[in-house]
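The values are calculated or read from the model by the stated rules, or taken from the named source; none is laboratory data. Since we're looking at a predicted model, the values are computed, not measured. We place every Cβ from the backbone using ideal geometry, glycine too, and count neighbours over all the protein chains shown. The area values use the complete protein model at the heavy-atom level, side chains included, leaving out ligands, DNA and RNA. Shrake-Rupley method; radii C 1.70, N 1.55, O 1.52, S 1.80 Å.
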Amino acid sequence: MNNLKFSWEVWSEVQLQRENGEEFLRLSAVDMERNRLFFASSANFVYATQLPSPQIDGAWNKTSPPASAHLIDLETGDFITSLEYLMEKESLIIGTSQGLLLLYSVDDNTTEIVGRVEGGVCCISPSPDGDLLAMITGFGQVLVMNLDWDLLYEMPLDDLPEDADVHDSVPSADHSFEACISWRGDGKYFASLSKVHDSFPLSKKLKVWERDSGALHSVSEPKSFMGSVVDWTQSGAKIAVVYDQKEKKQCPSVVLFEKNGLERSSFTINEGIDVTLEFLKFNCNSDLLAAVVRGETFDTLKIWYFSNNHWYLKQEIRYSKEDGIKFMWDPSRPLKLICWTRGGRIITHKFVWVTAVMDNSMAFVIDGSKVLVPFSLSLIPPPLFFFDLEFHCAVRDMAFCSKISQNQLAASLSDGSLCIVELPLIDQWDELEGQTFKVEALCPGRDYGSLLHLAWLNPLVLLSVSHFGFAHSNCSKRTSLDGDVRPGYYLQEMEVRCSEDRIPGSVTCSGWNAEIFHQLYLEEVVIGIAPNPLTKYSAFLQFDGGKVFDYMSKLALNKPVGLQRCDDMFFLSSCPWMNVAPVRAYAQEKPLLFGLDDNGRLQVGGRILCNNCNSFSFYSNSGDGMMTHLVIGTKQDLLFIVDMGDILHGQLEQYENFLPVVVKNKKGDTESIFINLWEKGAQIIGVLHGDESAIILQTPRGNLECVYPRKLVLTSIVNALVQGRFRDALLMVRRHRIDFNVIVDHCGWPAFIESAADFVRQALEEQIEETPARELCVLTTLAKSSPPALEEALRRIKVIREIELSTATDPRQASYPSSEESLKHLLWLSDSEAVFEAALGLYDLNLAAIVALNSQRDPKEFLPLLQDLECMPTLLMQYNIDLKLQRYESALRHIVSAGDPYYEDCMNLMNKVPELYPLGLQLIVDPRKRQQVLEAWGDHLNATKRFEDAATTYLCCFCLEKALKAYRACGNWMGVLTVAGFIKLGKDELLQLARELSEELQALECSSILNGEYNEGVEKVGKYLTRYLAVRQRRLLLAAALKSDEQPSQPDDETASQASSNFSGMSAYTTGTRKGSSASTSFSTSTKGRGRQRNRGKIRAGSPDEEMALVEHLKGMSLTEGAKSELKTLLISLVMLTEEDTARKLQRTAEKFQLSQMAAVKLAEDAMTTDKIDEHAFTLDRYVQNIRKEVQNSDAFSWQSKVLT
């Protein structure tokens, strides 16, 4: 959704050799390598000149050297009919009316005759690769030759009768252009138009020829084609021709054919019936089609663009009839057009594509004399539109101004007139849909010149660049300023007023006036104008080369009028796309001027921001118009969102030069700083500011798409939260499926709690109207909650049922469905048994019966239960329902409330559910009963071996004997002696109690120490065994290497180390983790190996005796006979002290140690007798299992007690 805008125009002139109209230019050619233009005149002169450019010539070429002129010496009556430049020969190929083929070298001024063609030359067309020349002769023959001037093949152009003679016709000066050849971009085919003889009116056919053989590939049906206009797109998809429809009393139409000769599409040029269309040409990108339309009073150059199956007229330039305008597209620059006139005037036009979407997201698409308004309230791709504006001729440029209360559009037309339209506010556009508004020109008869770069400074001041006295501006109405100004570019400032009374909500299309009150002559070419949004009377002007000036309006108070150079805002090159972003920096507002040049370099402040940009726009999340983000689309089809703060502070490293680089965030997770666009070539055409946070993209096919980058969405949500707009934040979170926690996490939980009331009030600001459907939705929500809120749903149904049973008229009844419908809806969504239990939980037996009936349950199942409950007192009924639903806390409350007769049931419930003891103490106030509850609670704690808690509970109810036993059971001697003092035991009893306590504590302490030693011993056994296997494996590998003499001087330590690593990942004498063992190898060396044999010397790592020393050390770790005897005695003592669990734990630990030691010794002995160690077979766990089976009942384990096994 773009418009084609003039970027700049420059002029130059070829001084013809003959005056008074005796000579005029007829043909042209171009040398792109050296930027040269060649022209052939009617007087057989060939002119060579440089292509005009703004860098060299400025707006008007007066200083460049004149064009060189060379006369081609031809016979009298002969003239030039064809002119082409051959890059391979660096010369011009010239064809004449009498058939001469001349090779003319401009640099040497030499002419060589390379051939002669019978009947004369009508046209010459080199192939795209420059290897072949195709030409049409005056006799209607098609000739194809190479650059060695050898004829490859020849065929007739027209389908002549058998008795026809091709020599009957000779070309004349008036018909020298009645033939044309157009090549396809790849050079495999070429097309031309041929006449159909004996047809009335005269018809023609489109023929497509093959390059290699000259065979006719395809031919169209006979049609009334206009002239010999034919052009093939560079892409090869379409062949453009023109239909002459005078017989149908219609204007000519452009028709597109395919290679197979079938018509593909067409469009009308919307002109009079008598016009003719000439010089139809596609640009090098095949996206623009230009043509010259010859009218009665003036000639018109029209440029069309194809999108969404519609041809838009994007530009129209008028020329006088005397100019006889012709044109050519630049072969390498698709938006550069070179026009020239019969009198030698050369005009170079440079166009740029600009978005049709304005800052406030309105869109205005130019299509000839219409401006389509496709979307603002809705997203409608052109050629569809919401409404349209119709002007009396084609629109060349336009500018839009949107303020709080005004929307104004200014449009300059191809005839030099100016139009102003005022549109209503957007919220009043509903009535405009589908309408067409005809716009009147300002001051009919007044010529404002050829206006370029329109820009509003404010709703009353319009700024533009105009030029007078050149080329196409001469065909418009003469201006009153002609006598006062010299030809050239002028910066014009106009004051706009409306003389009519404007009706609110309507479109004002007439009554406007514009007076030029200031004019400034410009020496250089203006590339663009960008109004400064921070002021009402200034704008930035960019001249060619990137120079930027600040223009201050004459209406500005206390400000110097004119141009002031901005050295801090210049560009490094000319930037046709320029825009100003107002930003806030360091609590001050300032304008940032961004520019994008033709090479994709996005610039700001004299530096390059991005090297691969294809489009950009700005986004603002605030209501004051300050831009907060820059949106960049790159040539790699990536979308970047850049904070303006990062640009101001130069912190752009995170964007990785705007290339597809995946970076890591603070958490170490990878994340993309860009968005991949789904279609190649998609461009940014606009954004939706504020909470919309959307970017509008258009694909090359014309489709419009809206994307919502997560970065902009989160920024909008945060902005809404900061401003206290909780409802807007909630809607954005819901719409974009953002985690709802962001609402709380942004400011933190304490801050959210403070604003919770405001949040709820805003969230419920617009409640949904209460209807039966709403109530069913509420029931659905409750039923599908996690967990389901079935009781709340049944309460709502109960309210509905009470309203139905009420005799009084209740206005709420119309807002609810029936109770039966509501209940069936709830049963449909939930398990019927769960709904029945929820109804019981409400203690409403009638509701429970209704639920049971509607769930189609057998009455025999639920009626007895409900009848029994109905016969009970209320509290007892509630107690039984609670028991059934396992709501024990509620059951306890109800049974306590039932009174003393049910105290036994109360105690039974607490004994059954011990978690209820604390609640029971809160509910029971009788001291005697509280003592009983405490004693029962202590008994429960004692039974579960929570002796400390049990003793404390016993003390609370003065059960001192039980408290003494509990303290003694947990080994708390202080507690035992304290309680003994409370009981007032005698001296002898107290001493006996102390001795018993001492023995118990000693036994327990000894048990604890032995448990630790045996666990440590298990770890050491595993560690030494692992080291032994590693040493043994290494020794075997070294022995094998020495035996094979592979490395007699130095064994392969690396191989041996790698192999042994399967058994050990650490040294035997350092802490670590051993593979293949269930025991950890980290240990403490503080214990002394009590009850085991003493070590037999220190083990030295790497010594020759290390292997045997490890085995001996393992054997020495076995239990001695004395240790076994002491262990057995200790086990018996623990049993006598009622510490059966402690004794059992000690016996298991000692058994584990002894089995591990014996298994390790056995494994080591087996490993010594083998030359290969299997890491799967030689594992400690496997040997422990084998040893357990072999020696379980042997004397080695005679210390064990069978009762503790």
Cα shape, the stretch 582-723, gyration tensor, a/c 1.5 rule: rounded
Roughly speaking, what is the stretch gain from residue 821 to residue 900, that is 0.36 nm per residue apart minus the C-alpha to C-alpha distance, in nm to one decimal? 23.9 nm
Karplus-derived 3J(HN,Hα), 6.51/-1.76/1.60, for each residue of the stretch 954-961, Hz, glycine and proline x: 4, 4, 5, 9, 6, 8, 6, 4
Can you list which of the chymotrypsin sites (Phe, Trp or Tyr not before Pro) found in the stretch 736-786 are DSSP loop residues with at most 16 other C-beta atoms within 10 Å? 740
Quick check on the stretch 556-639: take the gyration tensor over C-alpha atoms, sort the square-rooted eigenvalues as a ≥ b ≥ c, and tell me if it's rounded (a/c under 1.5), prolate or oblate. oblate
Got a sec? What order do 649, 70 fall in by accessible area at 1.4 Å, biggest, i.e. largest, first? 649, 70
How big is the charge dipole of the stretch 893-1042 about its Cα centre, in debye rounded to the nearest 20, if each Lys and Arg gets +1 on its Cβ and each Asp and Glu gets -1 on its Cβ? 940 debye
Heavy atoms only, probe 1.4 angstrom, no DNA, RNA or ligands counted: give me 205, 884 ranked by accessible area, highest first. 884, 205
Here the net charge surrounding residue 344, from other residues whose Cβ is less than 10 Å away from its Cβ (Lys, Arg +1; Asp, Glu -1), is 0
What 222 nm value per residue comes from the helices of the chain, counting each DSSP H run with n ≥ 4 as -39,500 (n - 2.57) and dividing by all residues, nearest 500 deg cm²/dmol? -9000 deg cm²/dmol
Rounded to the nearest 20 Debye, what is the dipole magnitude of the stretch 715-850 about its Cα centre when Lys and Arg each give +1 and Asp and Glu each give -1 at the C-beta? 380 debye
939, 844, 198, 108, ranked by accessible area, largest first (probe 1.4 Å): 198, 108, 939, 844
Determine the share of the chain's accessible area contributed by carbon and sulfur atoms, expressed in whole percent, with a 1.4 angstrom probe. 49 percent
Distance in Å, no decimals, from the C-alpha centre of the stretch 1111-1163 to the one of the stretch 933-949 is 34 Å
For the pair residue 984 and residue 723, the simple spin-label estimate (label points 7 Å beyond Cα toward Cβ) gives in nm 8.3 nm
Using only Cα atoms and rounding to the nearest 10 degrees, what angle (0 to 90) does helix 819-829 make with the longest principal axis of the chain? 90 degrees
Quote the charge dipole size of the chain about the Cα centre in Debye, to the nearest 20; the model charges only the Cβ of Lys and Arg (+1) and of Asp and Glu (-1). 5080 debye
Highest first, please rank the peptides 132-139, 305-312 by the mean number of other Cβ atoms sitting within 10 Å of their residues. 132-139, 305-312
Averaged per residue, what accessible surface does the chain expose to a 1.4 Å probe, in Å²? 48 Å²
Using alpha carbons only, how many degrees (0 to 90, rounded to 10) separate the axis of helix 710-722 from the longest principal axis of the chain? 70 degrees
Which one of 969, 141, 423 has its Cα pushed farthest toward the positive end of the charge dipole of the chain, where Lys and Arg give +1 and Asp and Glu give -1 at the Cβ? 969
Give me the extension gain from residue 186 to residue 791: residue separation times 0.36 nm, minus the current Cα-Cα distance, reported in nm with one decimal. 210.0 nm
Beyond 24 Å (Cα-Cα) in this structure, taken from 1152/1172; 223/246; 195/248; 195/259; 784/824, we find 1152/1172
Considering the dipole of the chain built from charges on the beta carbon (Lys and Arg +1, Asp and Glu -1) around the Cα centre, which of 1134, 93, 757 is farthest to its positive end? 1134
Within-14-Å neighbourhood charge of residue 224 [Cβ basis; K, R +1; D, E -1]: +3
Would you work out which of 605, 335, 541 lies farthest towards the positive end of the dipole of the chain, given +1 charges on the beta-carbon of Lys and Arg and -1 on that of Asp and Glu, about the Cα centre? 605
Charge tally in the Cβ shell below 12 Å around residue 394, where Lys, Arg are +1 and Asp, Glu are -1, residue 394 excluded: -1
If you line up the long axis of helix 888-897 against the longest principal axis of the chain, both from Cα atoms, how many degrees apart are they, to the nearest 10? 60 degrees
May I ask you to list the aspartates and glutamates whose Cα is less than 18 Å away from that of residue 1128, ignoring any residue fewer than eight positions away on the same chain? 999, 1000, 1005, 1013, 1139, 1140, 1141, 1151, 1195
The chain, relative contact order [Cα under 8 Å, separation at least 6], %: 4 percent
Can you give the accessible area of residue 777 in Å² (nearest 10), computed on protein heavy atoms with a 1.4 Å probe? 80 Å²
Determine the shape class of the chain: with a ≥ b ≥ c the square roots of the Cα gyration tensor eigenvalues, call it rounded for a/c under 1.5, and otherwise prolate if a/b is greater than b/c, oblate otherwise. prolate
